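The values are calculated or read from the model by the stated rules, or taken from the named source; none is laboratory data. In this text, all values refer to a predicted model and were calculated from it rather than measured experimentally. Note that each Cβ is placed from the backbone with ideal geometry, even for glycine, and that neighbours are counted across all protein chains shown. The area values use the complete protein model at the heavy-atom level, side chains included, leaving out ligands, DNA and RNA. Shrake-Rupley method; radii C 1.70, N 1.55, O 1.52, S 1.80 Å.
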Amino acid sequence: MAYQLKINGQQLQADVDADTPLLWVLRDTLDMKGTKFGCGMSLCGACTVHLNGNPIRSCVTPVAAVGDGAVTTVEGIGDDELGQRIQRTWKSLDVPQCGYCQAGQMMSALALLRQHPKPTDEQIDIGMGMNLCRCSTYLRIRQAIHQVAGELAPAKESEDAAHS
């Protein structure tokens, strides 16, 4: 069956079975290799993408469940200012070691920072807790999230001052 999918702001078509995991549609059908296969059981977070702005595990999400929703992958987070900041900070702090899990880590970090613009360590631990990194770059991930949050604070304060 042909599915019309909105991915990173583009309408794309995939002719696949309804139960095909979104991950395989992205990687194999649409040749978008940024999203990674990790465990295949929604346990490691390597396959994290956003559906309507919410992080989901694409390895266990059948393409039929996407419907008219907007999917954002790691290839698309650079279209957003916050996503660009995350990418720049990840690079400047040399967060990735092997890098395999980092697409999923950045997708979860984006969702976390949208929900908590100035997250505490506890909020980071909870928000990132379902993303595993075999290289144990957790401290650099936390540092990157705090740095991005610190960059957001002046803009938010300026915005608040303009509205008062």
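If R0 is taken as 25 Å, the Cβ-Cβ distance between Asp28 and Ser136 corresponds to a FRET efficiency of 0.25. Where the centroid of each part is defined by its Cα atoms, how far is the stretch 40-85 from the stretch 88-152 in Å? One Cα centre to the other: 16 Å.
At a Förster radius of 22 Å, what calculated FRET efficiency corresponds to the Cβ-Cβ distance of Gln97 and Asn52, to the nearest 0.05?
That gives a FRET efficiency of 0.10.
For the chain, the relative contact order comes to 21 percent (Cα pairs under 8 Å, sequence separation of at least 6).
Relative contact order, whole percent, for the stretch 2-76 stands at 37, derived from Cα pairs under 8 Å and 6 or more residues apart. Taking the stretch 1-31 and a reference point 7 angstrom along Cα→Cβ of Ser42, the backbone N atoms nearer than 16 Å belong to 19-24.
For the chain, the solvent-accessible area with a 1.4 angstrom probe is 52 square angstrom per residue. To the nearest ten degrees, helix 81-92 and the longest principal axis of the Cα atoms of the chain are 80 degrees apart.
Mean-square fluctuations from a GNM of the chain, with a 10 angstrom spring cutoff on Cα atoms, peak among Ser108, Ser136, Ser58 at Ser136.
For the stretch 45-104, the square roots a ≥ b ≥ c of the C-alpha gyration tensor eigenvalues yield an a/c of 1.5 or more together with a/b not exceeding b/c, which makes the shape oblate.
Share of carbon and sulfur in the accessible area of the stretch 80-149 stands at 52%, probe radius 1.4 Å.
Given a cut-off of under 8 Å on Cα pairs at least six residues apart, what relative contact order in percent is computed for the stretch 80-149?
It comes to 46 percent, rounded to a whole number.
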